[in-house]
Amino acid sequence: MTGAEYIAEFLARVGSNHVFVLTGGACAFMIDAVERHPALAYTCFHHEQSAAMAADAVWRTTGKVGVTMATSGPGATNLITGIACSYFDSIPSLHITGQVNQREGSAYHGANVRQSGFQETKIVDMVKPITKYAVMVRTVEDLRQELARAYSIAASGRKGPVLVDVPMDIQQMQIPGDIMLPSELPAAAESAEAVTAALTATLSKARRPVVLWGAGIGLAGVENAVIDWLTASELPFVSSWAGLTYFDNAHPNFLGQIGVYGNRGANFALQNADVVIVLGSRLDNRQRSGNPRSFATGAKVHVVDVDVEELRKYRSDGYFTSHLDFRDLPHVLENVRPPKIDEAWRSYVVEMKDRYFGKEQSTSALRLNALSPYDVIRRINELIAEDAIVVGDTGATVCWLHQVFKVKRHTLFTAGGNSPMGYALPAAIGAKVVAPQRQVIAVSGDGGFHLNIHELQTIKHHNLPVAMVVMNNASYGIIKQFQDSYCNSRYTASRDGFSLPDFGHLAAAYGIGYARVESVEQITPDLFQGNGPILLDVLLSEHTLIEPKLEMGRPINDQYPYLSATEYSRGNRFVDYPRSAEFLKVLDDSDPGRDRNAGA
Ligand SMILES: Cc1ncc(C[n+]2csc(CCOP(=O)(O)OP(=O)(O)O)c2C)c(N)n1
Ligand SMILES: [Mg+2]
């Protein structure tokens, strides 16, 4: 078999049966081999970044490693934004790029030229900081070893994307047919016993404990064991956005998602705890705020993570850390003694949940008598199948989505760390291709939707029944809200200076279904049950805000719109988070509507 056929056979053996492509001379042999392989199928995208985002969605949907093939030069560089999505969210994906024939490549001449072959680009060097492993193969033996190695690295330990760059001569060379398969690599970590002892020591002194549930639990596939432990030990828990998809959000101990856009009750509980156990979350600044020193100031924070570098970053925070291979987490938790929880804490967390969980409302929309994005998301949540796949884009829209969507058996995800505009549409396509029997809903803003608009043709070509919800506030709303806070409501480049097309005309141009949504009642179950694609144009006021939302310089339990002094201190019953006199003065003076152009 040829090198290209070897790659196809390898993909079939590891169960990565769908390959997302945009062709070109340097990858045409490989895509041809994919097409000829009976176990494989390819899907064409109209931009390589979409293919990479779709591949990212494959693992999130099925637990199989997603694969792209792209050509050298611009094809390869276009993958970059999508690869970064996988890297920051620890998602395994495999990117196979074609490269120019080695005798045409710059290395052949031994001179340090910019480029020798047409469309030659040093993609390996370019993706090194956003991949776990990237390599160019130089011989057929290399190809055998590097494919297996790259795949093993992608799917082991803290997972992530890898890239294998394959010159055209290698694609055409003959290679023996025995396929070298990947293997799960051992993880260097502390022993389960050591972590059990450390966690037991931390929890033994806890009277007001909170567990922070991170995506690392689900990435390791140990979510059921963690839920059992939380249930049995009666521990209240909160979640990062990326963690939400891995458990039934109706769990009685669950207080909500945390952080800058977090639920107020969940944030209060976290900030008032005396012990916070963090399981598989990297505590980025959307969780702890821009000032980590204001995070859980009354607590001993104990972080358990698979990646020792993540733990190193807490040295100056004084956190306790445990380095664990998360496959051992069930065993660890089985042996951790549960803490003695104070009665006052038990009743406090129940009170916080009653007061705030699921209670988000858009005061900005209410004031304007406009459609509330929170009501829209709740309605969609009610109407779609319990196991539907819901993909978020970015901006205010992805905040609204995560603030109120409640996962039952759904799969809910977005590219949380990289958060590029345009992620949701191609990711929804990727999800639908590998899980055709499940409902798929993409939730984008009007701005973000436009960044991969060409993929409407991919949806149309395959007549994929994907519901594309566009939260249309005729602006880059999240940036506008930032400008309300910090730029005196000058909407430069967020509302002014550009425009977006009529989405009805756009849908018609691609020949896909369209529904205009001006009230919650217009969102009906049939919209999600059709046989083809549909674009739901949800008309919001451009002045719709994200509520609550943290402004700079505040701890996460003091979000805008600001609570009264009484309500604020009721939430901060155990740990004091004083508001400065200066801030109280600003509060007094502040315009409750914030958006100076809102008129209402
Ligand atoms: C590729 C890319 N460019 C720029 C940004 C910065 N950015 C984040 S959200 C956003 C606006 C998104 O607007 P829209 O999709 O309409 O969402 P809204 O905030 O209005 O809900 C921008 C420009 C980004 N995340 N990704
Ligand atoms: Mg918008």
*Given (1) more than 30 Å from residue 294 (Cα to Cα); (2) surrounded by fewer than 18 Cβ atoms within 10 Å (Cβ to Cβ); (3) within 16 Å of ligand 1 (Cβ to nearest atom), where does residue 463 come up short, assuming only one miss?*
(3)
*Tell me which residues, restricted to segment 446-484, are more than 15 Å from ligand 2 (Cβ to nearest atom) and assigned to a strand (DSSP E or B).*
466, 467
*With respect to residue 430, determine if the residue is part of a helix (DSSP H, G or I), more than 15 Å from ligand 2 (Cβ to nearest atom) and modelled with pLDDT of 95 or more.*
yes
*Taking residue 185 as meeting all but one of (1) at pLDDT 95 or above; (2) touching a Gly at 6+ places or on another chain (Cβ under 8 Å); (3) hydrophobic (A, V, I, L, M, F, W, C), write down the number of the exception.*
(1)
*Can you tell me which residue among 485, 494 is at pLDDT 95 or above, within 28 Å of residue 550 (Cβ to Cβ) and hydroxyl-bearing (Ser, Thr, Tyr)?*
494
*Applying the selection to segment 98-119, what residues are under 20 Å from residue 23 (Cβ atoms) and either assigned to a helix (DSSP H, G or I) or in contact with an Asp or Glu (Cβ under 7 Å, 6 or more places away or on another chain) (or both)?*
99, 100, 101, 104, 117
*Report, by residue number, each residue of segment 371-385 that is within 18 Å of residue 542 (Cβ to Cβ) and within 14 Å of ligand 1 (Cβ to nearest atom).*
371, 372, 373, 374, 376
*Residues that are basic (Lys, Arg): find the helices (runs of 4 or more DSSP H) completely inside segment 122-207 holding 1 or more of those.*
140-155
*For residue 222, are the conditions met, namely being touching a helix residue (DSSP H, G or I) at 6+ places or on another chain (Cβ under 7 Å), assigned by TED's automatic domain parsing to the domain that holds residue 244 and touching a residue at least 40 places away in the same chain (Cβ under 8 Å)?*
yes
*asked:* Here is a check on your reading of the model: is residue 488 under 30 Å from residue 62 (Cβ atoms), more than 16 Å from ligand 2 (Cβ to nearest atom), exposed (fewer than 13 other Cβ atoms within 10 Å of the Cβ) and in contact (Cβ under 8 Å) with a residue 60 or more places away in the chain?
replied: no
*Has segment 285-294 got any residue that is assigned by TED's automatic domain parsing to the domain that holds residue 350 and in contact with a strand residue (DSSP E or B) (Cβ under 7 Å, 6 or more places away or on another chain)?*
no
_Criterion: away from ligand 2 (no atom under 16 Å from the Cβ) and surrounded by 14 or more Cβ atoms within 10 Å (Cβ to Cβ) - qualifying residue of 525, 548_ = 548
*asked:* Looking only at segment 466-481, filter to residues that are of a type outside the set (A, V, I, L, M, F, W, C) and more than 6 Å from ligand 1 (Cβ to nearest atom); which one of those is surrounded by the fewest Cβ atoms within 10 Å (Cβ to Cβ)?
replied: 472
*Which of the residues belonging to segment 72-128 are out of contact with any helix residue (DSSP H, G or I) (no Cβ under 9 Å at 6 or more places or on another chain) and over 21 Å from residue 156 (Cα atoms)?*
105, 106, 107, 109, 110, 111, 125
*segment 10-68, residues that are among the acidic types (Asp, Glu) and free of Cβ contacts under 8 Å to residues at least 40 places away in the same chain*: 32, 35, 48
*Can you name every residue in segment 318-368 that is touching a Leu at 6+ places or on another chain (Cβ under 9 Å) and free of Cβ contacts under 8 Å to residues at least 60 places away in the same chain?*
319, 321
_Close pairs from segment 386-401: first more than 15 Å from residue 420 (Cβ to Cβ) and near ligand 1 (Cβ under 10 Å from one of its atoms), partner among the hydroxyl-bearing types (Ser, Thr, Tyr) and at pLDDT 95 or above, Cβ under 6 Å, at least 6 apart_ = 399/261
*Could you please find all residues in segment 426-452 being buried (at least 20 other Cβ atoms within 10 Å of the Cβ) and closer than 22 Å to residue 542 by Cβ?*
442, 443, 444, 445, 446, 447, 448, 449, 451
_When you check residue 353 against the structure, is it away from ligand 2 (no atom under 16 Å from the Cβ) and surrounded by fewer than 17 Cβ atoms within 10 Å (Cβ to Cβ), yes or no?_
no
*touching a residue at least 40 places away in the same chain (Cβ under 8 Å), of a type in the set (S, T, N, Q), near ligand 1 (Cβ under 10 Å from one of its atoms) and closer than 25 Å to residue 22 by Cβ: does that describe residue 414?*
no
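So that you can scan it fast, the table gives a plain yes or no per residue for (1) surrounded by fewer than 20 Cβ atoms within 10 Å (Cβ to Cβ); (2) more than 23 Å from the chain's Cα centre (by Cα); (3) assigned to a loop (DSSP other than H, G, I, E, B):
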{"residue": "224", "(1), (2), (3)": "yes, no, no"}
{"residue": "227", "(1), (2), (3)": "yes, no, no"}
{"residue": "242", "(1), (2), (3)": "no, no, yes"}
{"residue": "248", "(1), (2), (3)": "yes, no, yes"}
{"residue": "268", "(1), (2), (3)": "no, yes, no"}
{"residue": "283", "(1), (2), (3)": "no, no, yes"}
{"residue": "321", "(1), (2), (3)": "no, yes, no"}
{"residue": "331", "(1), (2), (3)": "yes, yes, no"}
_among the small types (Gly, Ala, Ser), under 26 Å from residue 56 (Cα atoms) and away from ligand 1 (no atom under 16 Å from the Cβ): which single residue out of 431, 509, 515, 442 fits that description?_
431
_Of all residues making up segment 384-401, the number that are aliphatic (A, V, I, L, M), within 16 Å of ligand 2 (Cβ to nearest atom) and part of a strand (DSSP E or B)_ = 0
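The values are calculated or read from the model by the stated rules, or taken from the named source; none is laboratory data. Since this is a predicted model, take the numbers as computed values, not measurements. Because the Cβ atoms are built from the backbone with ideal geometry, glycine has one as well, and the counts that use them run over all protein chains shown.
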